[in-house]
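Following: one structure in structure tokens, then a few remarks.
Readers should treat all values here as calculations from the given coordinates under stated rules, not as data from a laboratory. Predicted, not measured: the structure shown is a model, and the values here were computed from it. Every residue, glycine as well, gets a Cβ built from its backbone with ideal geometry; the counts of neighbours run over all protein chains shown.
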Ligand code: FES
């Protein structure tokens, strides 16, 4: 049986009717067609699906969409202001913070949260906070550099 949910995504309000078992990740990708948020593992191990819910980062694959009723979600599509990239997006480009790019939306959403939540004071702290975001290409040093640049 479907249930009503009201979710604001990147500033836009949506009234939806969903199955209770639908994850936020599937809702974003399949119902709202916001495919910037990636599905890597679908069980909380890779971080590719990271988004913000009321400003807190979450793994959207582990979040039931119903639990986000009445909340504000930000995805990678919501970071730029028109043609102007978010400073973290600029920094990832400048520092080559990606190779294949699959993990990048999740990395950037975590990176923004890392600074906002005050966990970017040292490389160790950044690496600890970012440890849930896996990069198979091994762009980690460049990702840390990007975060440090935006922090400073
Ligand atoms: Fe959610 Fe991997 S897809 S953590």
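Helix content alone sets the calculated 222 nm mean residue ellipticity of the chain: runs of n ≥ 4 DSSP H residues at -39500 (n - 2.57) each, divided across all residues, give -7500 deg cm²/dmol. If the viscosity is 1.306 mPa s and the temperature 10 °C, what Stokes-Einstein diffusion coefficient in µm²/s follows for the chain when Rh is the Kirkwood radius over Cα pairs? It comes out at roughly 102 µm²/s. Region 87-151 has equivalent-ellipsoid semi-axes of 16, 12, 10 Å, by the square roots of 5 times the alpha carbon gyration tensor eigenvalues, sorted largest first. Contact order for the chain, expressed relative to its length and based on alpha carbon pairs under 8 Å spaced 6+ residues apart, stands at 23 percent. Among 92, 98, sorting on how many other beta-carbon atoms sit within 10 Å of each Cβ, with the fewest leading, yields 98, 92. A Gaussian network model of the chain, with springs between Cα atoms under 10 Å, assigns the largest mean-square fluctuation among 79, 16, 27 to 16. Taking Cα atoms, how many degrees apart are the long axis of helix 104-116 and the longest axis of the chain, rounded to 10 and kept between 0 and 90? Compared with the principal axis, the helix lies near 80 degrees.
All alpha carbon pair distances within region 16-86 were sorted into 10 Å bins beginning at 0; the resulting P(r) in whole percents reads 21, 55, 22, 2. Report, to the nearest 10°, how far helix 140-151 tilts away from the longest principal axis of the Cα atoms in the chain, using its own Cα long axis and a range of 0 to 90°. Between the helix axis and the principal axis of the chain, the angle is about 90 degrees.
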